[in-house]
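Participant: Just passing along the structure, written as structure tokens.
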Amino acid sequence: MSMLGSYLTLAAVLFCVGLFGVLTKRNAIIVLLSIELMLNAVNLNLVAFSKYGAQPSLAGQIFSLFSMTVAAAEAAVGIAVLIALYRRKATVNVDEYDELGR
Amino acid sequence: MSSVFSQYAWLVPAFPVAAFAILTALGRSLSRAGAVIATIASLASFILSLIIAIERIGQNAEDYVGGIDWLRTGAVNISAGYEVTNLTSLMLVVVTLVALLVNLYSFGYMAGDGRISVFYAYVALFTASMLGLVLADNLAILYICWELVGVCSFLLIGFWYQKPEARAAAKKAFIVTRVGDLGLLIAILLLFWYMPGHALDFASIHNVFDTQSGIVSMSITTLIALLIFVGAVGKSGQFPLHVWLPDAMEGPTPISALIHAATMVAAGVFLVVRTFDIFEASSAAMTVVAVIGAFTAIFAATIGLAQNDIKRILAYSTVSQLGYMMLALGVGSVSAAMFHLFTHAFFKALLFLGAGSVIHAIHTQDIREMGGLGRRMKVTAWTFGIGALALSGIPPFSGFWSKEAILTAALEGDHPWLFIVGVVTAFFTALYMARLFFLAFAGKPRGNAEQAAHAKESPAVMTIPMIVLAALAVVSGFVQTPFKDWLGEWLTGEASSHGASGLVLVASIAASLLGLYLGWLAFVRGTLRPDAVSSRLPWLSRLLERKYYIDELYQLVFAGGLRGLGRALAVFDEAVVDGAVRLTGYSVRALGRLNTKLQNGQIQTYGLAAILAAVILVLAIAGRRFW
Amino acid sequence: MDWNIDFTGEFFAFFLLAVCAIAGAVLAINFTKVVHTALSLAFTFVSLAGLYILLQAEFVAFVQVLLYVGAVTILMIFGIMMTKHQSEGREPGRPLLETLAAIGCLCLFGILFYAIRSASFPAPEAALPEDNVASIGMLLYSAYAIPFELVSVLLTVAFIGAVALAKREEEQP
Amino acid sequence: MFANVPVLSLIIWLPLLGSLVVLLLPGRSGGAIRWAGISFTFVSMVLAFGLYASYLPLAGGGEFAEHGSWLSVPLNTEVMQDTSVTSYRLAFDYSLGVDGISMPLVLLTGIVASMASLASVHIFKRQKTYFSLFLLLQTGMYGVFLARDVIWFFIFFELTLIPMFFLIGIWGYYGREKAANRFLVYNGLGSAVMLLAFLILIATLGFASVQTDGGIELTFSGSYDTMLANLADPNAAAHQAGAWLLSDNLQWAAFILLLVAFGIKLPIFPFHTWMLKVHAEAPPPVVMIHSGILLKMGVYGLIRFAAFLLPAQLHSWSAVLAVLGVINILYGAVLACAQKEFKLVLAYSSISHMGIVLLGIASLNETGFEGAVYQAVSHGLISALLFLIVGSLHERTGTTRIDELGGLARAVPFTAGILLTAGLASLGLPGLSGFIGEFLSFLGLFSTMKALTAIGTIGVLLAAVYMLRSVLAMTYGPLPEKLAGLKEARFIETLPMVVLTAFIVLLGIYPSLLTDLMQHGFDGLLRELQTGVGG
């Protein structure tokens, strides 16, 4: 058994912590940050497989690069949306963002 | 000898059927013309049955069986057949004769009624069904006619439908007899599956139970016999199903004469006679028949003592006399039973027609309001007197001979207790008839003036049937005397002259005379106070007057029980069954409401639900390997 | 219990960095002030960059630092600065939601952990090339050229979109 | 007579055509709509009688069978182990047929639907919609009885639900929406269960294989005849595709599902409560159809599918069915005694009478089966007649409560007479049709379960009690003053009364009219019960 299991376990821990944050935090910014954490956990997996996978290759690293790029774009748009929402609602509390249920 | 006319026996019920069809189709427009049509039809039936009967007298006539396939399914193949034997030809004559006379009589009795054609239609249907019952060659067809006569009886009891009492009486008659019919139905089902070849015709029954005994086991035989007897008990008003018959007097009086005295109620006796082979095969069943018959005879006679309604007295008398017939059957004498049925048909029809004549004249049925009618209604009084004497068993009237035959059979059959009961009943019979006759026809009028003014003899169309019946009540007893057992031989085909038993003759004559004498003392001479018994034993007279409280008991137990059960089940149906349905609906709705709450618009709740669901899904799919 | 772990230098480095990453993440969740959360997450990102180096992904580690620590975190801090956070820490908790979320996350972790532990990983057939930054560059411009271009389009669109969204509405006619 | 005419299709689809014709008529011409509705109904009835006239029991109706392909879906041949399979598909064909069991029910449908159409002349509200739905309903009913493919049976079965839902919901009395909803929910549930059972049957029993020179062509279908053939010859089926043989558990599942599905329709206690609402709230012509025909679809389905396709299960559960039947009989009868509303008396009496049908089915012999069908037909006629009268009375008096009516024999003697006759028929008076069905059912069951039958016959007694109690209370006795000015039924009302009474009397006097028809209808089932189960 190589280190792969340990990396995957670490990724799982981070992913679950991030998930918990997404589900429970009220502050929209923390929610966004938690999402970033989850994405990072995934990246860790990709990179770990790129080294310890059955056929090591650089594809995993490249994939994680794309993923990071998309995450950055997501963060930018997310913050922009948040600010637009904040302007309308004067709060960053996600409890107040319940237009879906109306 | 070949029976020329017997093969046309199916025409006998066909005439009244045709009359019924015509009257029903044309409806009320016929009015009195309908009565004429029905009477002509019954006359035709009577003539044909008379011819058939005469044809069969004397020689050893062959029985004739004919019919068509009626119901064919699988194992069942029931034919609509008819069978002419000496027994059925005798019944045919009795039924058609009484029907004819009642048709005639009703011309006068029902003259003012607007629904006279409906009345005649019902009577025609009844006559047809009764004749069908008599002619039927198998139990299934007999059962159908059996139910049809029941429904005609029901319709005619309720003929004056506006009266709530008539409605109640009709309902009661139908339902109580239906209890008996149920017994007969189950008996038929039993017979069907136990008879070899699923035969239900009387010839096969005779073969199986008489000649090849042992095919059907003893216990089943007893069961079948008892169930058939239950049917007979219902129809013939035997204890404990007698309650409907006195109430049936709500119907028009000619109907009481035809259906509830002469013919339909005797159908029970006739049924037992037809299936007598089954009874004979089981001594237990015979005992039950004899005991029930004897008990009913004395039981009804005692009730008859305390009644005041002229028709009810006669009704209880009918119940009592039918008990005699059952007693005769129970001790094994078919001929005595049939003989009594034969004579009883005439004198009881006569008594009812007489009573009808009285009611027609003074419009009351309470004998306490009558009195002194003998002077104003001579024909009625004389004929009624003849009927009363015949019923009381005074020689040489017909009732004496038939009652004597029954008592002889009881004594010879080694049933001394039943014999004693019979003699005591004869005493009671004479007593209540004396009370009835003397209260109604002797003494001074006790009713109001209007009634007295109305009291005049009925028209000839009513008195002629009474005279004919009176003549028959006198002479019909001579067909079977202790000295010449002609009827018994003809019916059973065996010479069974039982000879005169001095004990029986003396006992029965003595009992009857004693009853008449006591009645005369009490109600004419006045030497014996009529209320001698009731003042000393008030509970006894009340018990008799209230008919042993049997009606009240049934009302409480059956009617009340059914009503209670119905209410309880209604609550159950509403609360439990429907409640379960509503609960299901409610819980689905509640689940829906719960789900709505989950739909609160917050993305975190959705996410949580998705995660939990995913976890459960994974556990359910991947976790299967652990189970 | 056999954990099949070789106590090598790599392991110790991994252990240290993993503890840092987890600590940063857990602290980020527990802090009540948003700025603390953001900084603590930045710490996690840096730790992850260290892990990438351990995994011979130097270029990815570099991008990680550049992008996450440098761009995303700063972006978030700007977001924090542009919104008000006086009420934080004062709302009543949502015990049901938090309990269920905790159960769900723990179950998920349990499932993942079980899957990782029970999976058997075949040994790598070959090692990664030593100096793989150049190889990544080659690959990006050859095999992955089209996705690369698409990502650049995406970034542009996101940029424009973010500007459009964040623009004050009053300025619109 | 019908040498080259697709008479079965005509019977089924003419009402649909009528429905379209009615829809195309201008909405204001009430008379034209009414007469179009009635005449299309009558055409189907006449065709049904023509069918009866040319039906030969011995041939089993084979000459009328119609068949056409309808829907065929190819399936993967790769999943087959046996490589010689060249074609593997799912096929649902349009297949119609008539036999000794469906023939009486088709006649019943014709008679009752025609009489109900005559009784519908009281309907003035949205006539066009009413008659088009009414005709659509008929297509469904005829189709149910004539379909020979389970999928088509299902389609027709559903086709009766929807028009019925609207007929109750729009033209009913005060509680109509609730009644309609309950009707739909219950029957929809029943249909779902039935579909499940059918799917089991199709997947396990409905395959046919044809040996061609290229290989074997395997087809899964809902064809009833294929199923029967497979059932009769299980060896051949097993040989062709062993894996798909109907396993014991699946058979039981299908049987119980079918029992529930048709038990809701019949209805069997405790699934009966929906029916009470429908009887009480639906307009009388619709109840005539409902009580007269729709309940019989339950009987028909139970015999056609549960009994014919799963005889082994029927055999082992005959006692259960008999007990259910006895419960139905007594429960319905006792409750009928406690009702104050005549419509509810009739509803509970229907439950009681359907119990007798169950007894007939539970008897497992020809007598009982024929008794069950006979009882179904007879009850259809009788309850149609009773509800016809109920409608006529309700229109005149505005009530059918027993305690508010009385003395009708004086006010409306003809209607009262027919009501009395119908009541007597319902309580099983010999000479009227009700008796024959009861007698045969009891007779059939008596051969196997004597005590149970004897208990069941108490229902006959109770029938007399509740029928006389209610009918006499309404017709006899003094006439309440507010009913004094009642008018006797008009000719258009008396006609269906007379016709239905005539049929009731006819079937009561000469039952062979119907039993001869059924004579060979049950041969296959009986053979199966004797050989397949007895051995």
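The values are calculated or read from the model by the stated rules, or taken from the named source; none is laboratory data. Quick caveat: nothing in here was measured; it's all calculated off a predicted structure. Because the Cβ atoms are built from the backbone with ideal geometry, glycine has one as well, and the counts that use them run over all protein chains shown.
Participant: Among the residues of segment D:296-321, write down those that are within 13 Å of residue D:262 (Cα to Cα) and small (Gly, Ala, Ser). Don't jump to the end; show me each part of the working.
Facilitator: Restricting attention to segment D:296-321, the residues satisfying the condition of being within 13 Å of residue D:262 (Cα to Cα) are D:296-307, D:321.
Scanning segment D:296-321 gives D:298, D:301, D:306, D:307.
Participant: Something else about it: Looking only at segment D:447-482, how many residues end up being touching a residue at least 40 places away in the same chain (Cβ under 8 Å), farther than 17 Å from residue D:423 by Cα and under 29 Å from the mean Cα position of the chain (by Cα)?
Facilitator: 8
Participant: So which residues in segment D:309-339 are of a type in the set (A, V, I, L, M, F, W, C) and in contact with an Asp or Glu (Cβ under 8 Å, 6 or more places away or on another chain), if there are any at all?
Facilitator: D:335
Participant: Next up: Taking segment B:547-601, which residues are farther than 30 Å from residue D:268 by Cβ, surrounded by fewer than 11 Cβ atoms within 10 Å (Cβ to Cβ) and of a type outside the set (Val, Ile, Thr)?
Facilitator: Of everything in segment B:547-601, those that are farther than 30 Å from residue D:268 by Cβ, surrounded by fewer than 11 Cβ atoms within 10 Å (Cβ to Cβ) and of a type outside the set (Val, Ile, Thr) turn out to be B:593, B:594, B:595, B:597.
Participant: Scanning for something at pLDDT 80 or above, surrounded by fewer than 20 Cβ atoms within 10 Å (Cβ to Cβ) and within 24 Å of residue B:151 (Cα to Cα), does segment B:50-68 turn up at least one residue?
Facilitator: no
Participant: Restricting to segment D:31-78, name every residue that is among the hydrophobic types (A, V, I, L, M, F, W, C), more than 21 Å from residue D:137 (Cα to Cα) and either modelled with pLDDT of 90 or more or assigned to a helix (DSSP H, G or I) (or both).
Facilitator: D:53, D:58, D:59, D:64
Participant: Moving to a separate point now. In segment B:591-627, which residues are of a type in the set (Phe, Trp, Tyr) and within 14 Å of chain A (Cβ to nearest Cβ)?
Facilitator: To start, the set of residues in segment B:591-627 that are of a type in the set (Phe, Trp, Tyr) comprises B:606, B:626-627.
Once the filter is applied, which keeps residues that are of a type in the set (Phe, Trp, Tyr) and within 14 Å of chain A (Cβ to nearest Cβ), segment B:591-627 yields only B:606.
Participant: Given the structure, is residue B:233 closer than 17 Å to residue B:143 by Cα, surrounded by fewer than 23 Cβ atoms within 10 Å (Cβ to Cβ), of a type in the set (A, V, I, L, M) and in contact (Cβ under 8 Å) with a residue 40 or more places away in the chain?
Facilitator: Numbers: closer than 17 Å to residue B:143 by Cα: yes; surrounded by fewer than 23 Cβ atoms within 10 Å (Cβ to Cβ): no; of a type in the set (A, V, I, L, M): yes; in contact (Cβ under 8 Å) with a residue 40 or more places away in the chain: yes.
No; evaluated as a whole, the condition is false for this residue.
Participant: For segment B:270-285, give me each residue that is over 17 Å from residue B:141 (Cα atoms) and in contact (Cβ under 8 Å) with a residue 24 or more places away in the chain. Don't jump to the end; show me each part of the working.
Facilitator: Just the residues of segment B:270-285 that are over 17 Å from residue B:141 (Cα atoms), to begin with: B:276-285.
Across segment B:270-285, the qualifying residues are B:276, B:277, B:278, B:279, B:280, B:281, B:282, B:284, B:285.
Participant: Looking at segment A:62-76, is at least one residue of a type in the set (D, E, K, R), within 14 Å of chain B (Cβ to nearest Cβ) and surrounded by fewer than 19 Cβ atoms within 10 Å (Cβ to Cβ)? Walk me through it before giving the result.
Facilitator: Step one: filter segment A:62-76 for residues of a type in the set (D, E, K, R), giving A:74.
Subset that is within 14 Å of chain B (Cβ to nearest Cβ): none.
No: segment A:62-76 contains no residue that is of a type in the set (D, E, K, R), within 14 Å of chain B (Cβ to nearest Cβ) and surrounded by fewer than 19 Cβ atoms within 10 Å (Cβ to Cβ).
Participant: Take the residues in segment D:397-410 that are away from chain B (no Cβ under 11 Å) and of a type outside the set (Asp, Glu); name whichever of them is surrounded by the fewest Cβ atoms within 10 Å (Cβ to Cβ).
Facilitator: By that ranking, first place goes to D:398.
Participant: Only residues that are under 23 Å from the mean Cα position of the chain (by Cα) and among the polar types (S, T, N, Q): list them for segment D:1-42, please.
Facilitator: Selection gives D:9, D:19, D:39, D:41.
Participant: Please enumerate the residues belonging to segment D:500-513 that are hydrophobic (A, V, I, L, M, F, W, C), farther than 13 Å from residue D:389 by Cα and under 22 Å from the mean Cα position of the chain (by Cα). Break it down stepwise before answering.
Facilitator: Initially, segment D:500-513 is screened for residues hydrophobic (A, V, I, L, M, F, W, C), giving D:500, D:502-507, D:509, D:513.
Applying the additional criterion that residues be farther than 13 Å from residue D:389 by Cα yields D:502-507, D:509, D:513.
Scanning segment D:500-513 gives D:502, D:503, D:504, D:505, D:506, D:507, D:513.
Participant: Follow-up question, since we're still on this one. Can you go through D:386, D:432, D:420 and tell me which one is facing another protein chain (nearest Cβ under 9 Å), over 17 Å from residue D:325 (Cα atoms) and either surrounded by fewer than 24 Cβ atoms within 10 Å (Cβ to Cβ) or of a type in the set (A, V, I, L, M) (or both)?
Facilitator: Values: D:386 fails: facing another protein chain (nearest Cβ under 9 Å); D:432 fails: facing another protein chain (nearest Cβ under 9 Å).
None of the other options fit; the residue is D:420.
Participant: Could you list, in sequence order, all residues of segment A:33-57 that are under 28 Å from residue C:78 (Cα atoms) and at the interface with chain C (Cβ under 7 Å from one of its Cβ atoms)? Before you say what the answer is, go through the steps one by one.
Facilitator: Filtering segment A:33-57 down to residues under 28 Å from residue C:78 (Cα atoms) leaves A:33-44.
Result: A:33, A:36, A:37, A:40, A:44.
Participant: Please report, ordered by residue number, the helices (runs of 4 or more DSSP H) entirely within segment D:484-534 with at least 2 residues that are hydrophobic (A, V, I, L, M, F, W, C) and away from chain B (no Cβ under 12 Å). It would help to see each step written out before you state the result.
Facilitator: Working: elements: D:491-509, D:512-518, D:523-527.
It comes to D:491-509.
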